[in-house]
């Protein structure tokens, strides 16, 4: 790019273009000339970390992305895992997209969180799927300042304010509060859908698209300035001084328009399937990068190009500049690329049959261009060419092999002296329950609709994983009058269940980014097993700092390594657990390394799913696994203002055996209730098993003894350490068979007590507390702090 470094820097700043000087010069070398403003903006967005993964791509190659149940790995907008086991082409796929909307949610929390849900929903829909659920993982500030309280409240409102009007149940998730997220919250969203394998729509065009000159159609809300530069903004570190300016990079949500567009699009899917036209379209959400991203990514990998007239893009304002029309991330929009013979039907479908223009001002479907055999991506505005470049240069031109530098973290275990365990252990536990991270999450998830479709089997509050029965009442998903091949579903498959869970502790990341990734993965797999679901796939959202900082990029590489190794070595049925989708979110300031992992598991019959809340007395309580000195990063230490050093360090083979044993015990109907052990440790997990939720007995209690599990540890390490494991509630009639199964799987199984109806939690020699009083403490922290 011509000019001195200072001149180039000034030009980039003048137009708020997210390119470095070196990148701007590289773009000029691609073009053999200086880029136009439109081209520079396009590369600033398409070449951002958010779109191109230019710094992270090389590390992600460690992931195993294929397996016998994988229908589609991380190549398109969503991954797809088979949940039925029919012949190829007839399997039902569970569609999963995992995204972040971190910076928008920090700047404008309601809109940022809401549009995070909206975009993720469209990522699932554009695979040809019906969207049937969502899940959120939130990492929010500590609630000490008014700002952190406002962000928390508005993020929750935003998720509910978009997901609920869409009629999509919120199936699970988690939330952590920490001062480390005061300046940059994390809002990670996972969305789910269903589609049969032979009815998947891809986010790339067929090979014939250039030869047949396929049409490019934009559907939905008129383009405006909202969200302009959002992807580039997501790949920059937030600057408080530019907070007001950055609000323009956040999209404006309209869930009611999106609901109408989803319904109309589902009806179009029905027609396309009936007429056997699904193979003659490409389909993509207009997310990061707007019109450019949604169109160029559909043609580039096929070696094709496109000619687009930006004047044809329907807009909400006159005289929008071409770079805004090309790249604004206005919500509620899709991009179809179709055979010309389908164009008139698609336009009539949206503009007349579903009357988009009457739903929102100037909303519609518009033809804006054509696919070309020449691999050149060309934009025209008022008859002038404003972009002309190789499509693959736009999508893949900017990559980095940045250096990394290992970080040595100096952490120490605190010295804790307990002189009177009988008074101090109960006091510690009450302090944990009254801590913002130990209190009930009900004040958050009560805002979300959890049962709107009617297929939810285990919902939030009943277990650490949600369970849905997605193949019930399939005809209700089909537009009236449509004839689909969905009626040949077997009776067995109608009751197939899917479990979903997520996890990821930033406090572990402060100690070891590698073990943070390991624990995020393994915790998810345990959560699935605890409801009786066999893990089939995982996805991830990788939230880290500035990749230009060698130490922060090392953190990223270690987190990826942790996820990759855990997924590989905690095998299920002798196969690694594949990673089928994900997202990378960098430039998140000084947050601790925080990989959020979600996992998907399958139950042969959803009606057998176990929740964690004990309902019968005189059941034997068993602990699966041994307790270890692993309080590092724990809720216990957080309550004490400490971090610690001994973060849980799972043995992969031991974890694999424990999960296999629990699943076998569930399949044999030996387990009444089950909970995994994670945040808060053993005692916290036992307490949660006594908290009544929907129809459960509110007077349950426990008599416990630690004599069989002390393992040379002090009581607080046994009770509050976050070593993974399971608690099983078992009818005494099944105890012998359970012990035999544990021996066969070579796992440690220890009897630790019995369930009772005296409404107390009693630990021999240590504790005798009223369960209802503890629940009362646990219910208050979030309401008191946030007034949610």
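The values are calculated or read from the model by the stated rules, or taken from the named source; none is laboratory data. Just so you know, these numbers come straight off a predicted model, no measurement behind them. Cβ sites come from the backbone with ideal geometry, for glycine too, and all protein chains shown count toward neighbours.
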Practice prompt. Looking for whichever is within 30 Å of residue 735 (Cβ to Cβ) and surrounded by 19 or more Cβ atoms within 10 Å (Cβ to Cβ) here; the options are 623, 586. Which one fits?
Written response: 623
Discussion item. Can you confirm whether residue 137 is touching a residue at least 24 places away in the same chain (Cβ under 8 Å), buried (at least 23 other Cβ atoms within 10 Å of the Cβ), out of contact with any helix residue (DSSP H, G or I) (no Cβ under 6 Å at 6 or more places or on another chain) and in the same structural domain as residue 282 (by TED's automatic domain parsing)?
Written reply: no
Worksheet item: Restricting region 286-306 to residues that are modelled with pLDDT of 95 or more and not in a helix (DSSP H, G or I), which is farthest from residue 207 (Cα to Cα)?
Response: 306
Discussion item. Testing residue 692 on (1) surrounded by fewer than 22 Cβ atoms within 10 Å (Cβ to Cβ); (2) in a helix (DSSP H, G or I), one condition comes back false. Which one is that?
Written reply: (2)
Practice prompt. Determine whether residue 761 is assigned by TED's automatic domain parsing to the domain that holds residue 658 and modelled with pLDDT under 95.
Written response: no
Worksheet item: Looking only at residues in region 226-256 that are surrounded by fewer than 19 Cβ atoms within 10 Å (Cβ to Cβ) and at pLDDT 55 or above, which one is farthest from the chain's Cα centre (by Cα)?
Response: 256
Worksheet item: Where residues in region 383-392 are touching a helix residue (DSSP H, G or I) at 6+ places or on another chain (Cβ under 6 Å) and over 14 Å from residue 33 (Cα atoms), which of them is surrounded by the fewest Cβ atoms within 10 Å (Cβ to Cβ)?
Response: 392
Worksheet item: Here are 116, 167: which of them is over 21 Å from residue 438 (Cβ atoms), crowded, with 24+ Cβ neighbours inside 10 Å and in contact with a helix residue (DSSP H, G or I) (Cβ under 8 Å, 6 or more places away or on another chain)?
Response: 116
Practice prompt. Determine if region 681-689 includes at least one residue that is part of a strand (DSSP E or B) and touching a residue at least 40 places away in the same chain (Cβ under 8 Å).
Written response: no
Item to complete: Considering every residue within region 337-350, establish whether at least one is buried (at least 24 other Cβ atoms within 10 Å of the Cβ) and not in a helix (DSSP H, G or I).
Response: yes
Discussion item. What's the total number of residues in region 140-164 that are buried (at least 24 other Cβ atoms within 10 Å of the Cβ) and not in a strand (DSSP E or B)?
Written reply: 8
Item to complete: Could you check, for region 19-30, whether at least one of its residues is surrounded by 22 or more Cβ atoms within 10 Å (Cβ to Cβ) and in a loop (DSSP other than H, G, I, E, B)?
Response: yes
Worksheet item: Mind checking which residues of region 351-382 are in contact with a strand residue (DSSP E or B) (Cβ under 9 Å, 6 or more places away or on another chain), surrounded by fewer than 20 Cβ atoms within 10 Å (Cβ to Cβ) and assigned to a loop (DSSP other than H, G, I, E, B)?
Response: 360, 362, 373, 374, 375
Worksheet entry | Residue count, region 611-620 (criterion: under 16 Å from residue 459 (Cβ atoms) and surrounded by 24 or more Cβ atoms within 10 Å (Cβ to Cβ)) | 2
Worksheet item: Taking region 271-284 as the search range and keeping residues that are out of contact with any strand residue (DSSP E or B) (no Cβ under 6 Å at 6 or more places or on another chain) and either surrounded by 19 or more Cβ atoms within 10 Å (Cβ to Cβ) or free of Cβ contacts under 8 Å to residues at least 60 places away in the same chain (or both), which one is nearest to residue 325 (Cα to Cα)?
Response: 280
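To keep it simple, each residue is scored yes or no on (1) surrounded by fewer than 23 Cβ atoms within 10 Å (Cβ to Cβ); (2) in contact with a helix residue (DSSP H, G or I) (Cβ under 8 Å, 6 or more places away or on another chain).
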| site | (1), (2) |
| --- | --- |
| 70 | yes, no |
| 73 | yes, no |
| 85 | yes, no |
| 90 | yes, yes |
| 93 | no, yes |
| 96 | no, yes |
| 101 | no, yes |
| 104 | no, yes |
Worksheet item: In region 398-411, is there at least one residue being crowded, with 19+ Cβ neighbours inside 10 Å, in contact with a helix residue (DSSP H, G or I) (Cβ under 8 Å, 6 or more places away or on another chain) and under 14 Å from residue 292 (Cβ atoms)?
Response: no
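In region 414-422, is there at least one residue being without any contact (Cβ under 8 Å) to a residue 12 or more places away in the chain, surrounded by 14 or more Cβ atoms within 10 Å (Cβ to Cβ) and on the phi < 0 side of the Ramachandran plot?
Let us first name the residues in region 414-422 that are without any contact (Cβ under 8 Å) to a residue 12 or more places away in the chain, namely 415, 417, 419-420.
Now restrict to residues that are surrounded by 14 or more Cβ atoms within 10 Å (Cβ to Cβ): none.
The answer is no; no qualifying residue exists.
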Worksheet, complete the sentence: Out of (1) over 20 Å from the mean Cα position of the chain (by Cα); (2) assigned to a loop (DSSP other than H, G, I, E, B), the one residue 591 does not meet is (1)
